[in-house]
Amino acid sequence: MYHFKIASFLIVVSIVLAACQPLSPVTTAVPVTTQVSASNSAATSMPAPKVIDFPCSPNCKYSDLVIGFIQTGSEGGWRAANTASYKESAQQLGVKLKFFDSQNDLKKQIAGFVQFIQDPEVNIIVLAALETSGWEAVLQQARDAGKIVVLEDRRIDAPENLYATYIGSDFNLEGRKAADEMCKLLEGSEKKNVWELVGNVGSSAAIDRGKGFREKMGDCGINIVNTQTADWSATEGLQVTEAWLKENKDVQGIFAQNDEMAFGAIEALKNAGLTPAVDVKIISVDATAGAFQAMLEGTLNVAVECNPLLAPQVYEAALKAANGVGQPSWVPSQESVFHADDPNLLDISKGRAY
Ligand code: AHR
């Protein structure tokens with residue numbers, strides 16, 4: 001009996017000691033409030049984000065940060081403004097920035113991520129993910145190597161405790177706004193056949209914008225009769241729209257998931273003898289300078305804004321994470337919608353930064 005009691009006691013002690021062992025070199029941050037949206041609600045049951053224990057914490061300064069930024073590529077005006085935001089803000093704040101161009105190739109992007117994990121100078125990795133899936137293993141490696149990860153622009157499907165925060169747009173909301181605007185433009189139209197030009201399949205921007213549009217399009221009886229990727233590119237937007245126009249011209253609206261693809265569609269419509277924004281209503285997402293020019297010229301009806309100037313917020317979030325400050329899992333951008341028939345459009349366009 002005596003031996004049995006001793007044995008039970010030792011088992012209990014060893015269980016308690018095992019439970020107290022740290023699992024990784026990561027310290028738990030102060031409790032954070034987790035903000036969850038409809039589009040990433042699957043993450044609600046995930047553990048709260050954690051913060052890596054930085055040597056300079058809790059007094060890290062911007063000059064202590066060496067940021068490895070993994071950009072998607074250079075697919076258009078939005079991306080150029082996003083990249084410029086990182087380079088300019090880094091100079092202003094005194095952050096050291098190392099830039100990796102993934103050239104819109106997922107394999108290259110993952111290699112870039114691993115390169116920054118292995119770079120002893122880099123302490124923060126900022127990722128604009130080309131696709132939502134496949135990130136968990138490298139995120140875990142980054143955490144094991146003591147690197148903080150901040151997501152910018154694109155959300156991913158991975159446990160929230162593997163990154164400090166995500167700063168970017170509500171793409172689902174952008175899609176819903178686009179559908180609402182298309183409903184207004186097609187009000188009274190007998191038919192509501194819409195063609196959708198999709199971004200790179202697998203990206204959160206393409207998935208969530210498409211989903212959001214579908215959530216609202218039923219409100220006014222829109223039918224998506226053609227949908228295909230044009231990979232965010234004007235050239236592909238032109239080619240895809242041209243191919244569709246050869247099949248038939250029974251289309252009343254085009255929803256382009258970004259400005260570049262809308263520019264391609266506009267060219268294709270002109271080449272086919274149709275008047276863009278009149279015969280076929282066109283809505284795009286981004287609201288870059290090119291979209292404002294198209295609206296002022298009368299070839300684009302509506303631009304749903306997607307804000308690329310994310311770097312100041314991302315750098316601030318990285319600094320907070322370095323100092324052990326917990327943050328929401330997602331900080332959505334505040335964005336507007338711009339209309340070609342707005343009498344103030346020219347003035348608005350003059351005040352825009354991209
Ligand atoms: O993730 C944002 C999207 O990516 C933009 O809408 C598109 O232009 C870009 O390249």
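The values are calculated or read from the model by the stated rules, or taken from the named source; none is laboratory data. Nothing here was measured: the structure is a model prediction, and the numbers come from that model. Cβ sites come from the backbone with ideal geometry, for glycine too, and all protein chains shown count toward neighbours. The area values use the complete protein model at the heavy-atom level, side chains included, leaving out ligands, DNA and RNA. Shrake-Rupley method; radii C 1.70, N 1.55, O 1.52, S 1.80 Å.
VAL225 versus ASP53, label points 7 Å from Cα toward the beta carbon: distance in nm?
It works out to 6.4 nm between the two label points.
Quick check on packing: order 306-316, 210-220 by the mean number of other C-beta atoms within 10 Å, highest mean leading.
306-316, 210-220
Calculate the FRET efficiency for GLU88 and LYS108 from the Cβ-Cβ distance with a Förster distance of 25 Å, rounded to the nearest 0.05.
Working from the Cβ atoms, E equals 0.50.
What does the convex hull of the Cα atoms of segment 79-226 come to per residue, in Å³, rounded to a whole number?
So the per-residue hull volume is 124 Å³.
Can you give the helix-only mean residue ellipticity at 222 nm for the chain, where every DSSP H stretch with n ≥ 4 adds -39500 (n - 2.57) and the sum goes over all residues, rounded to the nearest 500 deg cm²/dmol?
Working: 11 runs with 141 residues, N = 354.
Computed mean residue ellipticity for the chain: -12500 deg cm²/dmol.
Where a ≥ b ≥ c are the square roots of the eigenvalues of the C-alpha gyration tensor, would you call segment 158-270 rounded, which needs a/c under 1.5, or, failing that, prolate if a/b is larger than b/c, or oblate? Numbers along the way, then the final one.
Values: a/c = 2.60, a/b = 1.45, b/c = 1.79.
Oblate, because a/c is 1.5 or more while a/b does not exceed b/c.
Residue by residue through segment 321-337, which ³J(HN,Hα) values in whole Hz follow from phi under the Karplus form 6.51 cos²θ - 1.76 cosθ + 1.60 (θ = phi - 60°), with glycine and proline marked x?
4, 4, 8, x, 8, x, 9, x, 5, 8, 10, x, 6, 8, 9, 10, 10
Along its three principal axes, how long is segment 286-354 when you only count alpha carbons? Whole Å, largest extent first please.
50, 19, 16
Short version: ³J(HN,Hα) in whole Hz for each residue of segment 279-296, in order, from phi by Karplus 6.51 cos²θ - 1.76 cosθ + 1.60 (θ = phi - 60°), x for Gly and Pro, what are they?
Those phi angles translate into 5, 10, 6, 10, 10, 10, 10, 2, 6, 7, 4, x, 5, 5, 4, 5, 5, 5 Hz.
Can you run phi through the Karplus equation (6.51, -1.76, 1.60; θ = phi - 60°) for segment 344-352 and list ³J(HN,Hα) in whole Hz, with x for Gly and Pro?
Using θ = phi - 60°, the values come out as 9, 4, 4, 4, 4, 5, 5, x, 8 Hz.
Scale the Cα Rg of the chain by the rule-of-thumb value 2.2 N^0.38 Å and send over the ratio, two decimals.
1.17
Please arrange ARG143, ARG79 by accessible surface area, largest first, computed with a 1.4 Å probe and ligands excluded.
Sorted by accessible area, descending: ARG143, ARG79.
Using only Cα atoms and rounding to the nearest 10 degrees, what angle (0 to 90) does helix 259-271 make with the longest principal axis of the chain?
20
May I ask which of LYS184/LYS211; LYS249/LYS281; LYS177/LYS211; LYS107/LYS320; LYS246/LYS270 have a Cα-Cα span longer than 21 Å here?
As for pairs spanning more than 21 Å Cα to Cα, those are LYS107/LYS320.
Using the C-alpha gyration tensor of segment 216-331, what are the square roots of 5 times its eigenvalues, in whole angstrom, with the largest one first?
Equivalent ellipsoid semi-axes, largest first: 35, 15, 13 Å.
Output the 0 to 90 degree angle, nearest 10, between the alpha-carbon long axis of helix 234-247 and the longest principal axis computed from the alpha carbons of the chain.
The angle comes out at about 50 degrees.
Taking the highest mean first, how do the peptides 282-290, 69-77 order by number of other beta carbon atoms within 10 angstrom per residue?
So the order, starting with the most tightly packed, is 282-290, 69-77.
Find how many whole Å separate the alpha carbon centroid of segment 130-153 from the alpha carbon centroid of segment 49-95.
Taking the Cα centre of each part, segment 49-95 and segment 130-153 sit 15 Å apart.
Working from the alpha-carbon coordinates of segment 47-101, get Rg over Rh, Rh being the Kirkwood radius.
A ratio of 1.07.
If I take R0 = 45 Å and measure r between the Cβ atoms of LYS270 and LYS211 in this structure, what FRET efficiency does the formula 1/(1 + (r/R0)^6) give, to the nearest 0.05?
E(calc), rounded to 0.05, equals 0.90.
Would you mind computing the Rg to Rh ratio of segment 76-166 from its alpha-carbon coordinates, Kirkwood style for Rh?
Details: Rg = 12.8 Å, Rh = 13.7 Å.
Reported Rg/Rh, Kirkwood definition of Rh: 0.94.
With a probe of 1.4 Å, find how much accessible area the chain has per residue, and write the answer as a whole number in Å².
45
Just the number, please: carbon plus sulfur as a percent of the accessible area of the chain, 1.4 Å probe, no ligands or DNA/RNA counted.
In the chain, the share of accessible area belonging to carbon and sulfur is 55 percent.
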